[in-house]
Amino acid sequence: MTDLSGVPSPLIFTADPKLDAALQKGWDAFAPALAEAGPKRGARWFARRADDPALAEMVEPMLETLAENLSGEDALETLFALAEVAEEVEDDLLADTLWEGGLATASELGDGDAAYEATSRLAELAERLGDLLAAAEYWIAFLNWRRQPGRTCDPESVEQAFDEIARLADEDGARSDAAMWRFRQAHYTRLLEADDDRAVEGEWDDAGAPWTGWA
């Protein structure tokens with residue numbers, strides 16, 4: 001088991017310091033390190049972090065699938081499955097990194113539903129760790145992604161993203177920002193109720209600039 005920095009507890013020795021170091025740098029660094037390690041070594045490392053030797057046998061086939069292709073639908077499904085395993089063993093850093101990889105893959109595929117799911121998991125983890133702004137920024141990034149040309153997802157996911165951002169702003173004491181996000185949501189809702197195509201695909205904000213979080 002690890003603490004939030006990814007450093008193994010004093011009672012458990014890492015199976016692979018290189019993978020541990022890459023994990024702390026996020027998905028872009030971890031993905032090539034995991035590919036270099038290979039499925040068997042990666043599975044042993046995964047199991048060692050969880051202090052559960054039996055876990056290696058379960059995750060090795062997943063890592064084999066991932067090794068064959070770090071992108072595409074198979075990779076997306078595998079990353080989500082691995083992230084859920086990491087959550088089950090309460091390895092927050094590993095779960096966060098794998099969800100990050102899942103989000104990147106979903107975004108590349110243009111899969112709005114999967115992007116929403118990964119965003120919700122990342123935001124939930126950030127909020128649980130007490131970083132309300134980071135949680136909101138995941139949702140803001142999701143909305144910015146959805147606003148790009150050709151991007152689409154369930155309108156309810158957009159509405160939920162707005163709800164979460166406004167709620168997080170309120171809880172973080174950013175009252176004026178919460179009001180702004182509710183105003184933006186109202187504009188989107190009017191488009192949706194009017195059956196405007198922009199509420200289903202691509203940009204709907206007249207300003208066109210990417211949205212950002214509060215200070």
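Data for the structure
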{"item": "Residue list for region 74-105, restricted to those being part of a helix (DSSP H, G or I) and more than 19 Å from Leu34 (Cα to Cα)", "result": "Glu88"}
{"item": "Asp177 being modelled with pLDDT of 95 or more and assigned by TED's automatic domain parsing to the domain that holds Leu63", "result": "no"}
{"item": "Flag if Ala47 is under 16 Å from Ala31 (Cβ atoms) and either part of a helix (DSSP H, G or I) or out of contact with any strand residue (DSSP E or B) (no Cβ under 9 Å at 6 or more places or on another chain) (or both)", "result": "no"}
{"item": "Enumeration of residues in region 106-117 that are of a type in the set (D, E, K, R), over 9 Å from the mean Cα position of the chain (by Cα) and either assigned to a helix (DSSP H, G or I) or farther than 23 Å from Gly202 by Cβ (or both)", "result": "Glu108, Asp113"}
{"item": "Count of region 141-180 residues which are part of a helix (DSSP H, G or I) and over 19 Å from Ala115 (Cβ atoms)", "result": "11"}
{"item": "All positions within region 168-215 that are among the small types (Gly, Ala, Ser) and surrounded by 17 or more Cβ atoms within 10 Å (Cβ to Cβ)", "result": "Ala169, Ala174, Ala178, Ala199, Gly213"}
{"item": "Unmet requirement for Gln148, which otherwise passes all of (1) more than 24 Å from Phe80 (Cβ to Cβ); (2) more than 18 Å from the chain's Cα centre (by Cα)", "result": "(1)"}
{"item": "Options Val158, Val89, Val59, Val85; residue that is of a type outside the set (Gly, Ala, Ser), at pLDDT 95 or above, assigned by TED's automatic domain parsing to the domain that holds Arg190 and surrounded by 16 or more Cβ atoms within 10 Å (Cβ to Cβ)", "result": "Val158"}
{"item": "Hey, Ser120 within 22 Å of Ala166 (Cβ to Cβ), under 13 Å from the mean Cα position of the chain (by Cα) and either small (Gly, Ala, Ser) or surrounded by fewer than 23 Cβ atoms within 10 Å (Cβ to Cβ) (or both) or not", "result": "yes"}
{"item": "So Lys25, is it part of a loop (DSSP other than H, G, I, E, B) and at pLDDT 95 or above", "result": "yes"}
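The values are calculated or read from the model by the stated rules, or taken from the named source; none is laboratory data. Quick caveat, the model's predicted, so the values are computed rather than measured. Every residue, glycine as well, gets a Cβ built from its backbone with ideal geometry; the counts of neighbours run over all protein chains shown.
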